[in-house]
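A.B. asks: Take this structure first; my questions come after.
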Ligand code: FES
């Protein structure tokens, strides 16, 4: 498409739309009712294992596989917005995926969660 005749605002809009459509890929991973408050579950999404936590109605999605030895973070204990790996006790921040306590040294991915019409979607 030749946009040479469009003004700068229109061109800016087109550039924004193009950038957004290539960056955001929302994928439904569960229904809101599938993971009640205080619960967590793991899902396979596009080849990745993702842990979904419901903390008092707010959902957080991070990589499920602990970077230490692969423990399942969805099975860990949660205090506030911190999950403790069930295998050797590393802590991860549910908001960012950052490691907060060894023995893990690296964080896990975190994913933006979008709730829409009873669906839990994550941005990949
Ligand atoms: S596997 Fe998670 S702390 Fe070791």
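The values are calculated or read from the model by the stated rules, or taken from the named source; none is laboratory data. Fair warning: this is a prediction, and the values are worked out from it, not measured in the lab. We place every Cβ from the backbone using ideal geometry, glycine too, and count neighbours over all the protein chains shown.
A.B. asks: For a quick check of your reading of the model, give me the residue pairs whose first member lies in the stretch 50-78 and is closer than 13 Å to residue 99 by Cβ, whose second is more than 12 Å from the ligand (Cβ to nearest atom) and assigned to a loop (DSSP other than H, G, I, E, B), with beta-carbon atoms closer than 6 Å and at least 6 apart or on different chains.
C.D. replies: 62/97; 63/109
A.B. asks: Find the residue count for the stretch 77-89, including only residues that are under 18 Å from the mean Cα position of the chain (by Cα) and within 8 Å of the ligand (Cβ to nearest atom).
C.D. replies: Of the residues in that region, 1 qualify.
A.B. asks: Here's a follow-up. Please enumerate the residues belonging to the stretch 57-76 that are surrounded by fewer than 16 Cβ atoms within 10 Å (Cβ to Cβ), more than 16 Å from the ligand (Cβ to nearest atom) and on the phi < 0 side of the Ramachandran plot.
C.D. replies: Answer for the stretch 57-76, where residues must be surrounded by fewer than 16 Cβ atoms within 10 Å (Cβ to Cβ), more than 16 Å from the ligand (Cβ to nearest atom) and on the phi < 0 side of the Ramachandran plot: just 58.
A.B. asks: Let me ask something additional. Quick test of your reading of the structure: residue 24 fulfils all but one of (1) at pLDDT 95 or above; (2) touching a strand residue (DSSP E or B) at 6+ places or on another chain (Cβ under 7 Å); (3) loosely packed, with under 14 Cβ neighbours inside 10 Å. Name the failing condition by number.
C.D. replies: The number of the failed condition is (1).
A.B. asks: So residue 54 fits all but one of (1) within 27 Å of residue 118 (Cβ to Cβ); (2) within 12 Å of the ligand (Cβ to nearest atom); (3) crowded, with 19+ Cβ neighbours inside 10 Å; what number is the exception?
C.D. replies: (2)
A.B. asks: Please work out which one of (1) more than 12 Å from the ligand (Cβ to nearest atom); (2) surrounded by 16 or more Cβ atoms within 10 Å (Cβ to Cβ); (3) in a strand (DSSP E or B) is the condition residue 97 fails and give its number.
C.D. replies: Unmet for residue 97, out of (1) more than 12 Å from the ligand (Cβ to nearest atom); (2) surrounded by 16 or more Cβ atoms within 10 Å (Cβ to Cβ); (3) in a strand (DSSP E or B): (3).
A.B. asks: Quickly run through the stretch 37-51 and pick out the residues that are exposed (fewer than 13 other Cβ atoms within 10 Å of the Cβ) and either modelled with pLDDT under 95 or touching a strand residue (DSSP E or B) at 6+ places or on another chain (Cβ under 6 Å) (or both).
C.D. replies: Hits for the stretch 37-51 are 37, 46, 47.
A.B. asks: Restricting to the stretch 100-124, name every residue that is outside any loop (DSSP other than H, G, I, E, B) and either surrounded by 17 or more Cβ atoms within 10 Å (Cβ to Cβ) or within 16 Å of the ligand (Cβ to nearest atom) (or both).
C.D. replies: Matches in the stretch 100-124: 100, 101, 110, 111, 113, 120, 121, 122.
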